[in-house]
Amino acid sequence: MTDKVLEVKNLTVHFYTYAGVVKAIENVSFDVYRGETFALVGETGCGKSVTARALTQLIESPGRIVEGEVYYHKNGESVDLLKLEEEEIRKYRGKEIAYIFQDPQSSLDPLYSVGFQVSEALYAHNKVKSIKEGIRKAVDILRTVLMPDPEKRVSNYPHELSGGMKQRVTIGIGISNDPKILIADEPTTALDVTVQAQILNLIKEMKRKYGATVLLITHDMGVVADMADRVAVMYAGKIVELADVFSIFKEPIHPYTEGLLKAVPNPLIKIERLETIPGTVPSLINPPSGCRFNPRCPLASQICRAKIPELEEVKNGHYVACHNR
Amino acid sequence: MGTMLPAITGDTMNFDSGYSKSNSELLMVKNLKKYFPLKGLLFTKGYVKAVDNVSFEIKKGETFGLVGESGCGKTTVGRTILRLIEPTDGQILYDGRDITKFKKNDMDWFRRKAQIMFQDPYSSLNPRQTVFQIVMEPVNHHGIDVDDPERFVIDLLEKVGLNEGHLYRYPHEFSGGQRQRIALARILSLKPEFVVLDEPTSALDVSVQANILNTLKDIQKELNLTYLFISHDLAIVKYMSHRLGVMYLGKLVEVGNSERIFEEPLHPYTKALFSAIPIPDPEIEKRKDKLEVKGEPPSPINPPSGCRFHPRCPFAKEICGQKEPALEKVEKDHFVSCWLY
Ligand SMILES: Nc1ncnc2c1ncn2[C@@H]1O[C@H](COP(=O)(O)OP(=O)(O)OP(=O)(O)O)[C@@H](O)[C@H]1O
Ligand SMILES: Nc1ncnc2c1ncn2[C@@H]1O[C@H](COP(=O)(O)OP(=O)(O)OP(=O)(O)O)[C@@H](O)[C@H]1O
Ligand code: SF4
Ligand SMILES: [Mg+2]
Ligand SMILES: [Mg+2]
């Protein structure tokens, strides 16, 4: 399973704000294999969403993609998505690479019925000849995403649906054009756990059915454990560790990953005391020199303050960016 | 610390003879109801039965966890037992006295003993006040004399993991976790016995959350505090609570010893909830059998007849849709409301 569908190299995004240049992500590199679920995990503000959006140039002012390449491989050909003109990249967005965002409320238009919105997505990529035909097709799509009563629901407006149903619609729109890559940015964060379980199941089901590759973004280690094949852990705009999901949980190598895992309560285990990571996440306007984790790291030494650690393969397929590991 | 608490002037010492007051129970909630009226143009169109016949007890020095999904009534329970919202019906015995019958003087006393900490670390602090002013505010409000206010506040800040250097800074200069610490220092300024913690860490990152949870535990031990800990996150509730209650659509469906319930959840909803929590361990999570429930919680305006969970319950029998099951004891300190038991 080492057929690469995406190759991300040195992706760097800065935001030019009043307060200074926010170095949101710096030299982020990773590959995504065809058919896998690749998870990007990390705490608030570490750059997960910016990374996901930058892949198809969805960065708005004052942000700018400063550097990097994103190779999309298809049928033996490859194209650098960051080199495409807006008109060209539009053809990839939605069709080859679809997004599902955290808040279904904001990705649906309150003024149109959900059937119309699914239909519009189909029409935009020439999957149907008219909106009317699209609405008929929308019923099927809503059925695939296990919407109860799809014939009735197709004419509902977003406010008439529950949070879980709205997320089913956005997934429906996401898969409507049979994308090769589905990027799900915190798709269940706004939902209750029993509904989250249903939606995660649906994503697995869709993946199985359509063989799509999933790039899953989450801050929830439980969701990572459930869904991911491989995981990249981000901290303050950089990937600090990347490995298969079992290695990440069983043999974390980076001190941040280690700390993060110990801070997450596991409901199956009786924990006397959670371990914590001292300090707080640094400002990305003036990130710490060298390793960005050094002010909070128990292993930090001289070199950590002086030199940026590169993401290096320390074991087969297990990459770590740390001077002391 | 030089606080002088005014004498308690209780003219409504109301011991309800129906319940024997056990020494260890600080709070006993009996058949609590909160119905919010749905206002029509002229008449009330109906009620949101946010809390419907809920009973539980909390022992002194313990944490009672309240879990359940969005809208099930957790916050309403927390605010009603502090009388921040007036209950529709039921009794709330605090130290044996029914607070629903309290008049002003007793309420003043109760408002010092019982505090609440909210979820949102951003809106709960006045942005124009310094940390010193924020922490002193409740003390001033209750007219309590403090010998050396600065020392008093510094002591509190140190208890919650802040320090003297933070005294004259403003909320916007602090991170979310630090703001929750300020809120906590303020709560402690009144030397409360009982604190409702309503999702105190749900706006925070896990590494920060772990820190705050540990602080809450430490302070509880040090000051012998009693907590009602509200959360939708079972893993956290397990970490924090001695006993717990699981709510569904305004009802408590399972109550008891936290460890026991985690070992063997009985109510089908508790089972579904437990099974839906993704365990942060892929060896377990990827292999576990999941009990998936259909649909989403229905509206508390017209809740389902019989057992409110029956339309989603994988084990529902005929009686479940017809008659409401009572909360019955199944073993020592373990109660379930379900026709299967
Ligand atoms: N429009 C913007 N202007 C300025 N800074 C921005 C902007 N968008 C993002 N950033 C900054 O970029 C960094 C990464 O943000 P990003 O949204 O990718 O984080 P995230 O990992 O997705 O966090 P979360 O878990 O909260 O969604 C943050 O420090 C953020 O403040
Ligand atoms: N002031 C009010 N007026 C009318 N209905 C209300 C009011 N406050 C709460 N409700 C309703 O009561 C029910 C219970 O709400 P509550 O806030 O207690 O739930 P919760 O369990 O705390 O949910 P969450 O996890 O989302 O905080 C909900 O249906 C809610 O819409
Ligand atoms: S009473 Fe019936 S419907 Fe309710 S939880 Fe038990 S089995 Fe399910
Ligand atoms: Mg994000
Ligand atoms: Mg609430």
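Give me the dipole magnitude in Debye, nearest 20, for the protein assembly as shown about the Cα centre, with unit charges on the beta carbon: positive for Lys and Arg, negative for Asp and Glu.
Details: 85 positive and 86 negative charges, 246 e Å.
Dipole about the Cα centre, nearest 20: 1180 debye.
Would you please give the FRET efficiency between A:Leu299 and B:Tyr170, computed as 1/(1 + (r/R0)^6) with r the Cβ-Cβ distance and R0 = 25 Å, to the nearest 0.05? Intermediate results must be reported in sequence, preceding the final value.
Numbers: r = 35 Å, r/R0 = 1.40.
It comes out at approximately 0.10.
Beyond a 23 Å Cα-Cα separation, which of these cross-linked pairs lie in this structure: B:Lys33/B:Lys59; A:Lys207/B:Lys286; B:Lys294/B:Lys323; A:Lys204/B:Lys251?
A:Lys204/B:Lys251
If you count only protein heavy atoms with a 1.4 Å probe, what accessible area per residue comes out for region A:211-253, rounded to a whole Å²?
Heavy-atom accessible area per residue stands at 21 Å².
For A:Ile239, list long-range residues whose amide hydrogen, built 1.01 Å from N in the peptide plane, is under 5 Å from its own amide hydrogen.
Correct list: A:Ser29.
Considering only protein heavy atoms and a 1.4 Å probe, what is the carbon-and-sulfur percentage of the accessible area of region B:237-278?
45 percent
Count charges around A:Ser130 for me, please; just the other residues with Cβ under 14 Å from its Cβ, Lys/Arg as +1, Asp/Glu as -1.
With Lys, Arg at +1 and Asp, Glu at -1, the neighbours total +3.
Enumerate the lysines that A:Lys315 could reach by cross-link, defined here as Cα to Cα under 18 Å, with residues fewer than 8 away along the same chain left out.
A:Lys250
Using a/c under 1.5 as the rounded threshold, could you call the protein assembly as shown rounded, prolate or oblate? The axes a ≥ b ≥ c are square roots of the C-alpha gyration tensor eigenvalues, and prolate needs a/b larger than b/c, oblate otherwise. Numbers along the way, then the final one.
Working: a/c = 1.96, a/b = 1.32, b/c = 1.48.
Cα axes put the protein assembly as shown in the oblate bin.
Using alpha-carbon pairs under 8 Å, 6+ residues apart, how would you state the relative contact order of region A:171-325 in percent?
Over region A:171-325, the number comes to 18 percent.
Which of these, B:Gly73, B:Gly40, B:Gly306, has the largest mean-square fluctuation under a Gaussian network model of chain B (Cα springs below 10 Å)?
B:Gly40
Considering only C-alpha atoms, what is the centroid distance from region B:100-149 to region A:1-70, in Å?
If we compute the Cα centre of each part, the gap is 45 Å.
Share of region A:37-140's accessible area from carbon and sulfur, percent, 1.4 Å?
For region A:37-140, the apolar C and S fraction of the accessible surface comes to 47 percent.
List the accessible area buried at the contact between A and B, summed over both sides and calculated with a 1.4 Å probe, in Å² to the nearest 100.
Values: alone 16220 and 16810 Å², together 29480 Å².
That pair of chains buries around 3600 Å² in total.
Toward the positive end of the charge dipole of chain A, about the Cα centre and with charges on Cβ (Lys, Arg +1; Asp, Glu -1), which of A:Pro252, A:Met227, A:Pro148 goes farthest?
Among A:Pro252, A:Met227, A:Pro148, the one farthest towards the positive end of the dipole of chain A is A:Pro148.
Once Lys and Arg get +1 and Asp and Glu get -1 on their Cβ, which of B:Met136, A:Tyr157, B:Leu228 lies farthest toward the positive end of the dipole of the protein assembly as shown?
A:Tyr157
Could you tell me the distance between the Cα centroids of region A:263-321 and region B:51-95, to the nearest Å?
What the calculation gives is 40 Å, centre to centre.
How large a share of the accessible area of region B:124-227, in percent, is made up of carbon and sulfur atoms when the probe is 1.4 Å and the other protein chains stay in place?
42 percent
Once each part is reduced to its C-alpha centroid, what is the distance from region B:191-269 to region B:159-180 in angstrom?
For region B:191-269 versus region B:159-180, the Cα centre distance is 24 Å.
Could you work out how far apart the two model spin labels at A:Lys91 and B:His141 are, taking each label as a point 7 Å from the Cα in the direction of the beta carbon, and quote it in nm?
6.3 nm
Assign one of three labels to region B:40-126, namely rounded, prolate or oblate, based on the Cα gyration tensor with a ≥ b ≥ c the square roots of its eigenvalues; rounded applies when a/c is under 1.5, prolate when it is not and a/b is larger than b/c, and oblate otherwise. Working shown, then result.
On the way: a/c = 1.40, a/b = 1.23, b/c = 1.14.
Since a/c stays below 1.5, the shape of region B:40-126 is classed as rounded.
Could you give the nm distance between label points at B:Thr44 and B:Lys290, where each point is 7 Å from its Cα heading toward the beta carbon?
It is 4.1 nm.
Can you give the extra length, in nm with one decimal, that the chain gains between B:Glu264 and B:Lys332 once fully stretched, where that is 0.36 nm per residue apart less the Cα-Cα distance?
23.2 nm
Let me understand chain A better: what is its radius of gyration from the alpha carbons, and its Dmax, in angstrom?
My reading of the Cα-based Rg and Dmax gives 20.5, 66 Å.
State, as an integer percentage, the relative contact order of region B:185-235 based on alpha-carbon contacts under 8 Å between residues 6 or more apart.
54 percent
Based on Cβ point charges of +1 for Lys and Arg and -1 for Asp and Glu, what charge dipole magnitude is obtained for region B:30-101 about its Cα centre, in debye rounded to the nearest 20? Walk me through the numbers on the way to the answer.
Working: 13 positive and 8 negative charges, 41 e Å.
Roughly 200 debye, rounded to the nearest 20.
Along the positive direction of the dipole of chain B (beta-carbon charges: Lys, Arg +1; Asp, Glu -1; about the Cα centre), which of B:Pro149, B:Thr63, B:Asn105 reaches farthest?
Farthest towards the positive pole: B:Asn105.
Report the gain in length on full extension from B:Asp95 to B:Lys317: 0.36 nm times residue separation, minus Cα-Cα distance, nm rounded to one decimal.
Extra length from B:Asp95 to B:Lys317 when fully extended: 75.8 nm.
Using amide H atoms built 1.01 Å from N in the peptide plane, name the residues 5+ places from A:Thr213, or on other chains, whose amide H lies under 5 Å from its own.
A:Gly35, A:Ile181, A:Leu182
Name the shape class, rounded, prolate or oblate, that the alpha-carbon gyration tensor gives for region A:70-220, where a ≥ b ≥ c are the square roots of its eigenvalues, rounded holds for a/c under 1.5, and otherwise prolate holds if a/b is larger than b/c and oblate otherwise.
Oblate, because a/c is 1.5 or more while a/b does not exceed b/c.
Give the cross-link partners of A:Lys127 among the lysines, using a straight C-alpha distance below 17 Å as the criterion and excluding same-chain residues fewer than 8 apart.
Correct list for A:Lys127: A:Lys91, A:Lys95, A:Lys137, A:Lys180.
Which FRET efficiency value, to the nearest 0.05, is calculated for A:Val66 and A:Glu251 with the Förster distance at 45 angstrom and r the Cβ-Cβ distance?
0.85
Which lysines have a Cα less than 19 Å from the Cα of A:Lys23, not counting those fewer than 8 places away in the same chain?
By straight Cα distance, A:Lys23 reaches A:Lys9, A:Lys48, A:Lys238, A:Lys307.
Assuming R0 = 25 Å, can you tell me the calculated FRET efficiency for the pair A:Asp140 and B:Ser70, based on Cβ-Cβ distance, to the nearest 0.05?
So, using R0 = 25 Å, E works out to roughly 0.25.
The values are calculated or read from the model by the stated rules, or taken from the named source; none is laboratory data. What you see is a predicted model; the values in this text were computed from it and never measured. Virtual Cβ from ideal backbone geometry, glycine too; neighbours counted across all protein chains shown. When the accessible area is computed, the model is the full protein with side chains, heavy atoms only, and any ligands, DNA or RNA have been set aside. Shrake-Rupley method; radii C 1.70, N 1.55, O 1.52, S 1.80 Å.
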